[in-house]
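Trainee: Supplied in structure tokens, the structure appears directly below.
The values are calculated or read from the model by the stated rules, or taken from the named source; none is laboratory data. Values in this document were obtained by computation on a predicted structure and should not be read as measured data. Reconstructed Cβ throughout: ideal geometry from the backbone, glycine too, with neighbour counts over all protein chains shown. Surface areas here come from the heavy atoms of the whole protein model, side chains and all, with no ligands, DNA or RNA. Shrake-Rupley method; radii C 1.70, N 1.55, O 1.52, S 1.80 Å.
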Amino acid sequence: MNPLYIFIFETIFVGLVILLLHRLRKYFGIGLLFIFIGSIQFFQSLLASSVYNKIFNEFVVSPGSSILFTSSLFAILLIFHSENLAKTRALIFGLMISNIVITILSVFSSLQLTLDNNSTNVKFLESILNLDIVIFMTGTCLLYIDSVFLIIIYEFLNLKLNDKYLILKIFIPLSLISLFDSLVFYGINLFSLSNGYNLLVSSIVGKQFVVIIFSIMMYLYLRVTKNILSNKKPENLKEIFSIFTFSDIPKIT
């Protein structure tokens, strides 16, 4: 089968799972969606370091970095639109903690494989657990920065644009942050990765393609569920830039 078709089907499948779990939050709470996004973090890293396919006969993309990473941004934006800042912040920090724990557990597991000869499938497991800690932690730090700017850009557009431009308010933040992430990540690791420039271009193309699909899916979902209006619109620019200052958290006395 054409790799492009698989890429599209996987993108739609992941998007549908996120939207379904978000829809079911009224019955099971938002926790199911949080668990799903957290559970794909290791799979995202595994695919990003090993699985690549050529799409459009030119660009070599990984479903890990193109689909699964972008799906985290997709979920963050969806939750911020429909819920509140506290839940959005909980997801962001949950993902960061999940990535850090994955890194630490991978180091422990790699050490345990070499302690004696009782382990099985050692070579296979070594290839899976052999994460580049510097690259992985760079991605984790970028995730937080991406998330902050994603919300800020979305809120700025929410302040400036009418609700009839909802598709733009979804697409522009996802597109800009995906572009930013590719440029910064591969800019930092350009010389440590073989064929870094081609990976950069392919990453941009792959993520932007996924962003288009996710944006359409989120727009149609919010239309069908009649959830077009954002949970809370900012009143001014100062309010936008204060969303991650924790000013909304009550002080302990």
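Trainee: Residues to consider are LEU21, LEU73; find the one that is under 22 Å from LEU179 (Cβ atoms) and modelled with pLDDT of 90 or more.
Mentor: Numbers: LEU21 fails: under 22 Å from LEU179 (Cβ atoms).
Going through LEU21, LEU73 in turn, just one is under 22 Å from LEU179 (Cβ atoms) and modelled with pLDDT of 90 or more: LEU73.
Trainee: For segment 16-31, enumerate the residues that are outside any loop (DSSP other than H, G, I, E, B), surrounded by 13 or more Cβ atoms within 10 Å (Cβ to Cβ) and not basic (Lys, Arg). First the steps, then the outcome.
Mentor: Taking segment 16-31 first, the residues outside any loop (DSSP other than H, G, I, E, B) are 16-23, 25-28, 31.
Checking the rest, the ones that are also surrounded by 13 or more Cβ atoms within 10 Å (Cβ to Cβ) come to 17-23, 25.
Listed by number, the residues that qualify are VAL17, ILE18, LEU19, LEU20, LEU21, HIS22.
Trainee: Search segment 37-53 for residues being of a type in the set (S, T, N, Q) and more than 13 Å from the chain's Cα centre (by Cα), and hand back the single one that is modelled with the lowest pLDDT.
Mentor: Quick first cut of segment 37-53, residues of a type in the set (S, T, N, Q) only: 39, 41, 44-45, 49-50, 53.
If we keep only those that are more than 13 Å from the chain's Cα centre (by Cα) too, we end up with 49-50, 53.
Values: SER49: 71, SER50: 76, ASN53: 86.
Looking at the filtered set, the residue picked out is SER49.
Condition check ((1) more than 29 Å from TYR5 (Cβ to Cβ); (2) at pLDDT below 90; (3) open to solvent by 70 Å² or more (accessible area, probe 1.4 Å)) across all residues:
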{"position": "PHE156", "(1), (2), (3)": "yes, yes, yes"}
{"position": "ILE172", "(1), (2), (3)": "no, no, no"}
{"position": "SER178", "(1), (2), (3)": "no, no, no"}
{"position": "LEU190", "(1), (2), (3)": "yes, yes, no"}
{"position": "GLY196", "(1), (2), (3)": "no, yes, no"}
{"position": "SER202", "(1), (2), (3)": "no, yes, no"}
{"position": "VAL210", "(1), (2), (3)": "no, no, no"}
{"position": "SER215", "(1), (2), (3)": "no, no, no"}
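Trainee: Residue check: is TYR144 at pLDDT 80 or above, surrounded by fewer than 18 Cβ atoms within 10 Å (Cβ to Cβ), among the hydroxyl-bearing types (Ser, Thr, Tyr) and closer than 18 Å to GLN44 by Cβ?
Mentor: On the way: at pLDDT 80 or above: yes; surrounded by fewer than 18 Cβ atoms within 10 Å (Cβ to Cβ): yes; among the hydroxyl-bearing types (Ser, Thr, Tyr): yes; closer than 18 Å to GLN44 by Cβ: yes.
Yes; evaluated as a whole, the condition is true for this residue.
Trainee: Cβ-Cβ under 8 Å, sequence separation 6+ or interchain: first residue in segment 1-22 and farther than 22 Å from LYS226 by Cα, partner open to solvent by 100 Å² or more (accessible area, probe 1.4 Å) and of a type outside the set (A, V, I, L, M, F, W, C). Which pairs?
Mentor: Close Cβ pairs satisfying both conditions: PRO3/LYS54.
Trainee: Can you report the number of residues in segment 54-108 which are under 24 Å from ASN198 (Cα atoms), open to solvent by less than 20 Å² (accessible area, probe 1.4 Å) and more than 11 Å from the chain's Cα centre (by Cα)?
Mentor: Count: 4.
Trainee: Got a sec? Which of PHE13, PHE34 is open to solvent by 20 Å² or more (accessible area, probe 1.4 Å), in contact with a Gly (Cβ under 7 Å, 6 or more places away or on another chain) and modelled with pLDDT of 90 or more? Show your work before the answer.
Mentor: On the way: PHE13 fails: in contact with a Gly (Cβ under 7 Å, 6 or more places away or on another chain).
Exactly one of PHE13, PHE34 is open to solvent by 20 Å² or more (accessible area, probe 1.4 Å), in contact with a Gly (Cβ under 7 Å, 6 or more places away or on another chain) and modelled with pLDDT of 90 or more, namely PHE34.
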